[in-house]
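Trainee: A single structure is presented below for examination.
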Amino acid sequence: MKKLVPILVAVAFSSSFAILFAIRFGSHTPSEAEDYAHLPKSESPPALFNSPDFSFRDQHAAPVTRASLTGQPYIANFIFTTCRTICPLLTSKMVRLQRDLPGLPMRFVSFSVDPEHDTAEALAKYADEWNPDEKRWLLLETTPKGLEAAAVGFHVTAQRTDGGLDAVMHSAVFMLVDQHGVVRGVYSSEEPGEFKALVRDARTLTGAGAALPPVAKARSGEVLFHEMSCANCHERPELAPPLGGLLGQRRTLETSLIVTADDAYLKEAIVAPAAKRVAGYPLMMPSLAGHLTSDELDSLVKYIVALPPPTSNPDVLVEIDPVCHMKVRVTENALSVHLDGGPPAYFCSEWCKARFTENPDAYRR
Ligand code: HEC
């Protein structure tokens with residue numbers, strides 16, 4: 001089902017939002033053999049609305065407009081580079097789309113929703129970190145006015161929250177736009193079924209024929225770890241837990257349950273991450289069910305098990321953000337405020353920190 005109602009994501013995530021997300025992810029029953037074949041035979045997706053006019057610059061400072069994009073279909077999404085909550089998840093999916101649609105004549109367009117910080121240079125660096133070889137990916141530096149108009153025209157939300165600082169509220173959808181600039185589909189980024197429908201519809205629009213993408217050659221654990229963006233999140237301790245030396249360690253889950261990381265735990269973490277979420281991360285692990293064969297899953301787990309343990313202790317303290325009540329890991333980079341006469345307070349985002357700083361008494365227990 002395609003939804004026109006945008007799914008809002010606040011970077012200053014509330015705990016209830018995180019729970020909602022977890023429930024939606026949890027409703028998916030993963031299967032290793034999932035593929036595109038069970039989807040109904042593809043027909044051309046219906047025209048929904050005309051994309052708006054816009055005029056921005058891409059990460060190489062080249063102008064990009066509605067007109068310059070006509071001639072080829074594209075998949076669009078909305079992100080900003082300093083976001084630590086939903087955007088890494090969206091970008092990992094954007095990269096997966098690029099890999100699932102290899103060599104096809106189409107583009108991938110990420111509109112920045114943070115005109116203040118996302119310069120062409122910052123966007124070029126971001127693209128380089130996530131998928132340096134993808135020439136079809138344009139990341140657009142926007143202007144406040146241009147972004148506002150584009151958001152209205154695409155029927156999405158992209159606005160700064162009143163907290164300012166890093167906090168931008170934006171839609172977490174992917175859009176499929178055809179070669180004439182007409183929007184042909186709006187897909188939730190959270191629903192695995194919609195992700196597959198998007199791949200199928202995109203192939204149809206390029207004339208590549210419906211369903212099955214070419215079967216990839218078996219890939220080694222190391223190749224998969226980098227191709228599937230694992231390193232982009234897991235090499236940044238503020239985003240995701242370091243994976244080296246994990247086997248046999250005790251993990252504290254969101255539910256406060258403590259489990260030991262064995263082989264089965266690692267596999268489940270990859271194909272059904274919602275089942276056991278590690279405590280203290282504002283972001284969640286994207287499910288890779290249906291994107292790996294069982295041999296690939298085995299080699300990925302073997303690769304992770306052999307990774308060296310991180311030099312700093314990953315089993316850090318977990319504190320509660322006094323504003324949104326999310327769990328926060330007390331790492332070197334954790335956001336904190338230390339007021340006289342009390343222990344430091346830790347925050348999941350700049351937004352919560354700013355709320356607290358304005359009026360600490362309102363949040364003190
Ligand atoms: C978008 C960021 C992101 C990407 C990409 C990502 N992960 Fe994760 N992963 C997370 C986060 C955040 C957690 C902790 C929260 C949770 O469990 O959902 C996590 C948890 C895990 C865990 C459990 C770790 C523990 O400490 O118990 C494993 C194992 C894991 N990921 C493996 C992988 C592998 C393998 C890949 C690539 C195929 C991958 N992840 C890609 C963000 C990511």
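Trainee: Calculate, in nm to one decimal, what Thr260 and Thr331 gain on full extension: separation in residues at 0.36 nm each, minus their alpha carbon distance.
Mentor: Going from the current span to full extension adds 23.4 nm.
Trainee: Long-range amide H contacts for Leu339: which residues qualify at under 5 Å (H placed 1.01 Å from N, peptide plane, sequence gap of 5 or more or a different chain)?
Mentor: Those lying under 5 Å, H to H, from Leu339 are Ala345.
Trainee: Where a Cα-Cα gap under 15 Å defines reach, which aspartates and glutamates qualify for Lys276, not counting those fewer than 8 residues away within the same chain?
Mentor: Lys276 reaches Glu254, Asp262, Asp263, Glu268.
Trainee: So, how do all the Cα-to-Cα distances of region 318-363 break down into 5 Å bins, in percent, from 0 on up?
Mentor: It works out to 5, 26, 37, 24, 8, 0, in whole percents.
Trainee: For region 264-281, just list the computed ³J(HN,Hα) in residue order, Karplus coefficients 6.51, -1.76 and 1.60, θ = phi - 60°, integers in Hz, with x standing in for Gly and Pro.
Mentor: With coefficients 6.51, -1.76 and 1.60, one gets 5, 4, 5, 5, 5, 4, 8, 9, 9, x, 5, 5, 9, 7, 6, 5, x, 10 Hz.
Trainee: Give the value in nm², to one decimal: projected area of the alpha carbon convex hull of region 241-365, averaged over all directions.
Mentor: One quarter of the hull surface, i.e. the mean projection, equals 8.9 nm².
Trainee: For the residue pair Leu239 and Val223, what label-to-label distance in nm results when each label sits 7 Å from Cα along the Cα-to-beta-carbon direction?
Mentor: It is 2.3 nm.
Trainee: While we're here: Quick one: which of Lys125/Lys302; Lys93/Lys302; Lys125/Lys267; Lys93/Lys135 span more than 20 angstrom between C-alpha atoms?
Mentor: The pairs that break the limit, which is 20 Å between Cα atoms, are Lys125/Lys302; Lys93/Lys302; Lys125/Lys267.
Trainee: I've got another one for you. List the aspartates and glutamates whose Cα sits under 12 Å from the Cα of Lys353, skipping any in the same chain fewer than 8 residues away.
Mentor: Excluding near neighbours in sequence, the set is Asp166, Asp321.
Trainee: A follow-up question, please. Rule-of-thumb check for region 162-307: C-alpha Rg over 2.2 N^0.38 Å?
Mentor: Cα-based Rg divided by the globular estimate yields 1.24.
Trainee: Can you tell me the length gained on complete extension of the stretch His117 to Lys145, counting 0.36 nm per residue apart and subtracting the Cα distance?
Mentor: Difference between extended and current length: 8.6 nm.
Trainee: Now, a different point. Assuming a viscosity of 1.306 mPa s and a temperature of 10 °C, what translational diffusion coefficient in µm² per second does Stokes-Einstein assign to region 217-283, Rh being the Kirkwood radius over Cα pairs?
Mentor: 124
Laboratory data are not the source of any read-out in this text; all were calculated from the coordinates shown. These figures come from a predicted structure and were not determined experimentally. For neighbour counting, all protein chains shown are included, and Cβ atoms are generated from backbone atoms with ideal geometry for every residue, glycine included.
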